[in-house]
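The values are calculated or read from the model by the stated rules, or taken from the named source; none is laboratory data. Note that this is a predicted model, so its numbers are computed, not measured. Glycine also receives a Cβ, built like all others from the backbone with ideal geometry; neighbour counts cover every protein chain displayed. All accessible areas refer to the heavy atoms of the entire protein, side chains included, with ligands and DNA or RNA removed. Shrake-Rupley method; radii C 1.70, N 1.55, O 1.52, S 1.80 Å.
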Amino acid sequence: MAILSDDEDLRGTKKDSFQKKNPIVKPENIEYDKTFENSIRPKDFDSYIGQGALKETLKITLEAAKLREKPLDHLLFYGPPGLGKTTIAGVIAAQMGVDIRITSAPALERPRDIIGILMSLKGGEILFIDEIHRLNKVAEEILYPAMEDFTLDMTTGKSQTAKTLRVPLPKFTLIGATTKAGELSGPLRDRFGMVYRLEFYTIEELTEVIKRTAKILDIKITEDGAKAIARRSRGTPRIANRLVKRVSDFALVKYDGIIDENVANDSLDTLKIDEFGLDHTDRALLNLIIEKYDGGPVGIETIAAALSEDVRTIEDVCEPYLLQAGLLQRTPRGRKVSPEGYRHLGIKTPSEQTRLF
Ligand code: ADE
């Protein structure tokens with residue numbers, strides 16, 4: 001199975017030349033990180049931990065498609081980042097015995113980007129589009145007939161002499177992934193035969209993910225050590241995998257090379273990742289709402305500006321887990337810190353404070 005990297009998909013595009021001219025990349029995007037993620041990605045359902053209900057449904061769907069000798073219906077996965085949307089798409093491709101082409105909506109800026117990819121697909125292949133809610137209108141319109149009838153409708157020439165050309169495409173499966181299903185246009189959402197939500201992982205599931213990763217990377221870890229890291233991984237395997245690597249650095253330099261509960265907790269304390277897995281930005285967000293806005297409600301733009309963060313980072317990275325953990329609440333008038341959020345920071349809620357007088 002050939003999983004093409006974003007760079008291969010984007011060869012010759014604007015982003016490619018932009019990156020050549022601007023070689024500075026954000027630390028989280030450096031190639032090393034992607035190689036690391038790819039090296040530990042499970043390739044089949046047995047080694048894919050968690051998402052039990054989704055896995056069972058998918059196994060049946062895949063089996064049925066194989067029996068019918070037809071490509072799989074188009075699939076949409078949604079949920080917070082880091083829960084394994086790309087990974088499960090890779091597993092599906094491997095199970096179906098087909099290739100997968102991986103790209104993301106921001107890379108499909110011009111009509112020719114999406115047309116180029118669609119025309120290069122082979123029969124049965126999977127096209128994976130990450131962040132599909134960011135697809136522009138033109139690309140979306142190109143996708144509709146491609147998804148529905150496996151055709152490309154193209155216009156050549158200008159105004160009166162314009163001709164519409166219908167180009168047949170091989171049958172393919174589109175797998176879309178998004179952190180924001182609500183931002184997908186209705187017509188695009190309706191063209192997916194199956195829509196699935198990925199759930200946060202339990203501590204037990206994350207413990208298994210961590211032990212599996214440690215084994216692949218030859219890191220020595222005890223059950224309690226894995227569990228201690230799992231507790232601070234915000235229900236997210238991507239975070240768990242990063243933390244196990246960071247903690248293994250500490251184990252190697254400061255301890256005897258083995259990650260046990262004490263090594264894990266001590267290292268994560270030093271990294272300022274608290275018992276809930278919150279980092280500096282998460283705590284700054286809760287503190288800001290409490291101290292400057294009496295616990296809220298306050299608008300997301302105001303929060304982002306005060307923290308000098310991007311609204312999208314707050315919405316996609318920080319908020320989902322704070323909401324799920326019950327530390328933050330979303331109201332029609334903005335975000336509010338919950339009583340649990342106050343308790344977590346060791347601050348009395350306004351009603352507890354007034355009770356003192
Ligand atoms: N690494 C990242 N996600 C994983 C998963 N769901 N199962 C096993 N290893 C993983």
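Taking all protein chains in place and a 1.4 Å probe, what share, in percent, of the accessible surface of region 185-312 do carbon and sulfur account for?
Details: 3100 of 6400 Å².
It is 48 percent, rounded to a whole number.
What's the local net charge at Asp44, with K and R +1, D and E -1, over the other residues with C-beta under 13 Å away? Display every interim value, and only then the final one.
Numbers: positive: Arg41, Lys43, Lys55, Lys59, Arg212; negative: Asp46.
With Lys, Arg at +1 and Asp, Glu at -1, the neighbours total +4.
Calculate the all-directions average of the projected area of the chain's alpha-carbon convex hull, and give it in nm².
On the way: hull surface 88.4 nm².
The Cα convex hull of the chain, projected and averaged over all directions, gives 22.1 nm².
Compute the length gained on full extension between Val253 and Leu165: take 0.36 nm times their separation in residues and subtract their Cα-Cα distance, giving the result in nm to one decimal.
Values: separation 88, 0.36 × 88 = 31.68 nm, distance 6.40 nm.
Using 0.36 nm per residue and subtracting the Cα-Cα distance, I get 25.3 nm.
Compute, for the chain, the length of the dipole vector about the Cα centre, with Cβ point charges of +1 (Lys, Arg) and -1 (Asp, Glu) only. Units Debye, rounded to 20. The partial results should precede the final answer.
Values: 53 positive and 55 negative charges, 168 e Å.
Dipole magnitude for the chain comes out near 800 debye.
If one takes the longest principal axis of the Cα atoms in the chain, at what angle in degrees, from 0 to 90 and to the nearest 10, does the Cα axis of helix 111-120 lie?
For 111-120 against the chain, the angle is about 70 degrees.
Can you give the helix-only mean residue ellipticity at 222 nm for the chain, where every DSSP H stretch with n ≥ 4 adds -39500 (n - 2.57) and the sum goes over all residues, rounded to the nearest 500 deg cm²/dmol?
Values: 17 runs with 170 residues, N = 357.
The helix-only estimate for the chain comes to -14000 deg cm²/dmol at 222 nm.
Choose one of Thr281, Val195, Tyr255: the residue whose Cα lies farthest towards the positive end of the charge dipole of the chain (beta-carbon charges +1 Lys, Arg; -1 Asp, Glu; about the Cα centre).
Result: Val195, furthest along the dipole toward the positive end.
Show me, bin by bin at 5 Å from 0, the whole-percent P(r) of region 280-347 based on Cα pairs.
Reading upward from the zero bin: 4, 19, 35, 30, 12, 1.
When the accessible area of region 77-166 is computed with all protein chains present and a 1.4 Å probe, what percentage of it is carbon and sulfur? Show your work: numbers first, answer last.
Details: 2040 of 3910 Å².
Ligands and nucleic acids excluded, carbon and sulfur give 52 percent.
Anything over 25 Å Cα to Cα? Flag those among Lys180/Lys211; Lys227/Lys254; Lys70/Lys180; Lys215/Lys254, in the order listed. Spell out each step's value before the answer.
Numbers: Lys180/Lys211 30 Å; Lys227/Lys254 20 Å; Lys70/Lys180 29 Å; Lys215/Lys254 21 Å.
In this structure, Lys180/Lys211; Lys70/Lys180 exceed 25 Å between Cα atoms.
For region 280-347, what does the relative contact order come out to in percent, with C-alpha contacts under 8 Å and a separation of six or more? Display every interim value, and only then the final one.
On the way: 74 pairs, mean separation 24.8, N = 68.
Computed value for region 280-347: 36 percent relative contact order.
How high is the relative contact order of the chain, given as a whole-number percent (alpha carbon pairs under 8 Å, six or more residues apart)?
On the way: 513 pairs, mean separation 50.9, N = 357.
Relative contact order comes out at 14 percent.
Going down the table (Lys245/Lys336; Lys137/Lys171; Lys55/Lys122; Lys43/Lys336; Lys55/Lys272), which pairs top 30 Å between alpha carbons?
Beyond 30 Å: Lys245/Lys336; Lys43/Lys336; Lys55/Lys272.
Subtracting the Cα-Cα distance from 0.36 nm times the residue separation, let me have the gained length for Glu223 to Lys59 in nm, one decimal.
Numbers: separation 164, 0.36 × 164 = 59.04 nm, distance 2.99 nm.
In short, 56.0 nm is gained.
Whole angstrom only: what separates the Cα centroid of region 327-357 from the Cα centroid of region 181-260?
If we compute the Cα centre of each part, the gap is 29 Å.
Before anything else, pin down the relative contact order of region 192-292: Cα pairs under 8 Å, at least 6 apart, normalised by residue count, whole percent. Before the final figure, lay out the partial values.
On the way: 118 pairs, mean separation 26.9, N = 101.
The normalised contact order for region 192-292 reaches 27 percent.
Provide the per residue accessible area, probe 1.4 Å, for the chain, rounded to a whole number of square angstrom. Show your work: numbers first, answer last.
On the way: 18780 Å² over 357 residues.
Normalised by residue count, the accessible surface of the chain is 53 Å².
Angle between the Cα long axis of helix 31-40 and the longest principal axis of the chain, 0 to 90 degrees, nearest 10?
Relative to the chain, helix 31-40 is tipped by roughly 90 degrees.
For every other residue with a beta carbon closer than 11 angstrom to the beta carbon of Glu261, add +1 if it is Lys or Arg and -1 if Asp or Glu, then tell me the sum. Intermediate values should be presented prior to the final figure.
Values: positive: Lys227, Arg231; negative: Glu223, Asp224, Asp260, Asp266.
Taking every Cβ under 11 Å from that of Glu261, the sum is -2.
Order these peptides, 142-150, 201-209, by their mean beta-carbon neighbour count within 10 angstrom, highest first. Please list the in-between numbers first.
Details: 142-150: 17.8, 201-209: 19.9.
Highest mean packing first, the order is 201-209, 142-150.
Relative to the present Cα-Cα distance, how much length would full extension add between Arg312 and Asp294 at 0.36 nm per residue of separation?
Numbers: separation 18, 0.36 × 18 = 6.48 nm, distance 2.37 nm.
4.1 nm is the gain from fully extending Arg312 to Asp294.
So which aspartates and glutamates pass the test for Lys66, namely a Cα distance under 14 Å, with those fewer than 8 places away in the same chain ruled out?
Those aspartates and glutamates meeting the cut-off are Glu125.
Sort region 207-357 into rounded, prolate or oblate with this rule: let a ≥ b ≥ c be the square roots of the eigenvalues of the Cα gyration tensor; rounded if a/c is under 1.5, and if a/c is not under 1.5, prolate when a/b is larger than b/c, oblate otherwise.
On the way: a/c = 2.73, a/b = 2.02, b/c = 1.35.
It comes out prolate by the Cα gyration axes.
Lys272: net charge of surrounding residues, Cβ under 9 Å, Lys/Arg +1, Asp/Glu -1, itself excluded?
Details: positive: Arg283; negative: Asp269, Asp274, Asp279.
Here the charged neighbours net out to -2.
I need two numbers for region 203-270: Rg to one decimal and Dmax as a whole number, Cα atoms only, in Å.
Final numbers for Rg and Dmax: 10.1, 28 Å.
Modelled label-to-label distance, Thr270 and Ser185, 7 Å Cα→beta-carbon offset: nm?
5.2
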